[in-house]
1. Pairs only if they're at least six apart or on different chains, beta carbon under 9 angstrom, first in region 207-230 and free of Cβ contacts under 8 Å to residues at least 12 places away in the same chain, second among the acidic types (Asp, Glu); list them, first residue then second.
2. What are the residues in region 219-238 that are of a type outside the set (D, E, K, R) and not in a loop (DSSP other than H, G, I, E, B), if any?
3. Please verify whether region 311-333 includes one or more residues that are of a type outside the set (A, V, I, L, M), surrounded by fewer than 19 Cβ atoms within 10 Å (Cβ to Cβ), modelled with pLDDT of 95 or more and farther than 20 Å from Asp121 by Cβ.
4. Just to be sure I understand, how many residues within region 380-424 are part of a strand (DSSP E or B) and within 21 Å of Gln459 (Cα to Cα)?
5. Which members of region 643-663 meet the condition of being surrounded by fewer than 17 Cβ atoms within 10 Å (Cβ to Cβ) and under 18 Å from Glu226 (Cβ atoms)?
6. If I go through region 133-159 residue by residue, how many of them are surrounded by fewer than 16 Cβ atoms within 10 Å (Cβ to Cβ) and part of a helix (DSSP H, G or I)?
7. Considering each of Arg114, Arg130, Arg170 in turn, give the residue that is away from the ligand (no atom under 16 Å from the Cβ) and assigned to a helix (DSSP H, G or I).
8. Which of the numbered conditions does Ser700 fail, given that it passes all the others? Conditions: (1) surrounded by fewer than 16 Cβ atoms within 10 Å (Cβ to Cβ); (2) closer than 26 Å to Asp564 by Cβ.
Amino acid sequence: MDKEPLPGQNSTRMAENDIVGEIARLRAEVARHNDLYYTHAAPEISDREFDELLAKLKALESDNPLFAAMTGTRPSVLPSVDADAKAPHPYLAASPASSVGSDLSDEFESYTHRQRMYSLDNTYSEGELRDFDTRLRKSLAAGAALPYLVEPKLDGASVSLSFENGRFVRAVSRGDAITGDDITRNFSAIAFPRHIAALETVPAIELRGEVFMDRAEFDRINAEQEEAGKPMYMNPRNLAAGTIKLLDPAISARRGLKVILYGIGHHEGISFQSQSALHAKIREWGLPGLPEGYPLRAHGIDEVWQCIQKLDKERKKFPYDTDGAVVKLDDIALQERAGATSKAPRWAIAYKFAPEQAVTRLNAITIQIGRTGVLTPVAELEPVLISGSMVSRATLHNEDEIKRKDIRVGDWVVVEKAGEIIPAVINAVLDKRPADAEPFDFAKHLKALGLDAEREAGQAAWRLRGDSDPELLRRRLRHFASRQAMDIEGMGEAVVNQLVNLGLVKDEADIYALTKHQLLTLEKFAEKSADKLLEAIASSKTRELWRLLHGLGIPQVGAQTAKDLAKEFRSLPALMQASEEELKAIDGVGDIVALSIHAFFARPDKKDIIARLLGNHGLTPAAPEAPAEGDALPLAGKTIVITGTLHSLSRDEAKELIERAGGKASGSVSKKTSYVLAGEEAGSKLTKAQELGIPVIDESELRRMLVSTLPQA
Ligand code: AMP
């Protein structure tokens, strides 16, 4: 971290304008990343990179107190990251180095904390941790070892819960430390007691803590996203921070958020002698507190260091992510004497654990196409071991990130993996760069791949252009004909590609207009194969309704949602006429999905395709049979996760059997899983099932459970 001299260290050689310019540039950059992290929960850089940027700014400001003290009005245009640092800057925005990153948004009522909600200073170095102790002992004139607590640093979003006379009254985000957003409505499904008898005599108390999400819940939500063809979330922290700021509380309620309390704000009618007494009370009141065995007590900084090592070992077993240790003075009288800066208390510090990194070679940059046409660059790496698993691919996020980091094919790159997070390329090792490595030209690369894409103004992502893009059309049709959708046998990738390339099929409806004569022009097609494909196309006309819905590729609608919609609306015209409110009444359909369905059916090209499918070509998709009253299916209410290789069934067949028996097939194991159906070479899902004590069954046991619904032979 401190190998490179910090800009502030050569400040004597820097011209005044340069310093002011550099401070302005760094302030703007830190402010931009703060906004991405706190307001949008969508950071572009890792925590570590952010902390380094902030450290750079702090060093420069503390070396140049006069310039650092200069602030001015904020112009409408912030200096860009590549702004010429030599140009004089007429103003300086207030420094984010001495204020808390704000999460405030206009969508919520604001609430002024009755006591400021601080951030924490942080460090990655043992030396700086020891400096913290030295500073404290000096300022408190305490020669001897100070009493500390070591707590896990939970990786979520801070929140303040207010109780008045024992009743929970509101939950507020940190905001800008002074005022936060009232996010109470997003707390309805978070478990903690709303009434605490022991606090009935306490007029007001603000308890501070962290809202976060277990890794298993994060996996479950991402599995759902994947199934619905929606973008995956980056990590549990961003998802948790985004969820408490959702405008639709029904969606937040469906995502298993948790809260853990570890601190105190304003309080009257009650007092605490120590931080450990507060932790004990939090437990006693039945509120969620730190994990069993925490906080750790440490007498002096040497013991603090030992406790941090212990926590680093144990935290891997926690079901949620932690990114460091928070070291706090235990004695509240001492805390008060130590005081605080405008940003953080002087009596606490966060020691952050560095995420695991490795250096490896970047062999190629490939493009991943999402179902909605978003193009994500992926680093194809020489496989390398990080945090116990082999990593051969990592995300490069988007064009701007590749440019900003100047990542080139052939480079040695630093790859980072923290917890369950998708591995990411952090930077290139410049002194190992091959002489012939060229800057990566994203647009040229897409062109070379034959991808017709565009980047809308203000968006970081490139997207395939409209539906006329032949690659998108090929993907759409392959999906339409696939086994998970219309199940048209014989219409695989090679056939679809030819149909599109020859201009015989321009959309889904054209499939049903194909003639034998046309099919005979395809490679490897003779009388028999043409007849067979025509038959398969004809028999797909009466497939179940959900298959058609899924096959049409409505953004946000995966197989499960398609089934739920088919069950409720029972015909395509009925679904097309449904209002957003009616759509939202369906389990699993929130604001975004409802809007997406509406937008899809509003498109003239889609309306035309559907009219031709149902009209000209006479498709009569089958509505699901309504189960007879009192028909108890053997797997009703059960959720089953399939893992490993099955012998007598394909995965899709197993899924279908489970669903026909009233059960639900899910992608990830959680406490709510009823059974895990394990085949050969079952991997982590099996291990997880065993850890959670979930019954594991094999194919024959599944069949036994299903006897009553299997077709009678
Ligand atoms: P930062 O997000 O870098 O400002 O770090 C400070 C934040 O760490 C606080 O605002 C809390 O949200 C969070 N945090 C997590 N665990 C703890 C803990 N045990 N004590 C205090 N703060 C914590």
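1. Cβ pairs passing all conditions: none.
2. Ile221, Asn222, Ala223, Gln225, Pro236, Asn238
3. no
4. Residues that pass the stated criteria total 2.
5. Arg651, Asp652 - these are the residues of region 643-663 that are surrounded by fewer than 17 Cβ atoms within 10 Å (Cβ to Cβ) and under 18 Å from Glu226 (Cβ atoms).
6. Total satisfying the criteria: 4.
7. Arg130
8. Against the list (1) surrounded by fewer than 16 Cβ atoms within 10 Å (Cβ to Cβ); (2) closer than 26 Å to Asp564 by Cβ, Ser700 comes up short only on (2).
The values are calculated or read from the model by the stated rules, or taken from the named source; none is laboratory data. Nothing here was measured: the structure is a model prediction, and the numbers come from that model. Quick reminder, even Gly has a Cβ in these numbers, built from the backbone with ideal geometry, and neighbours come from all protein chains shown.
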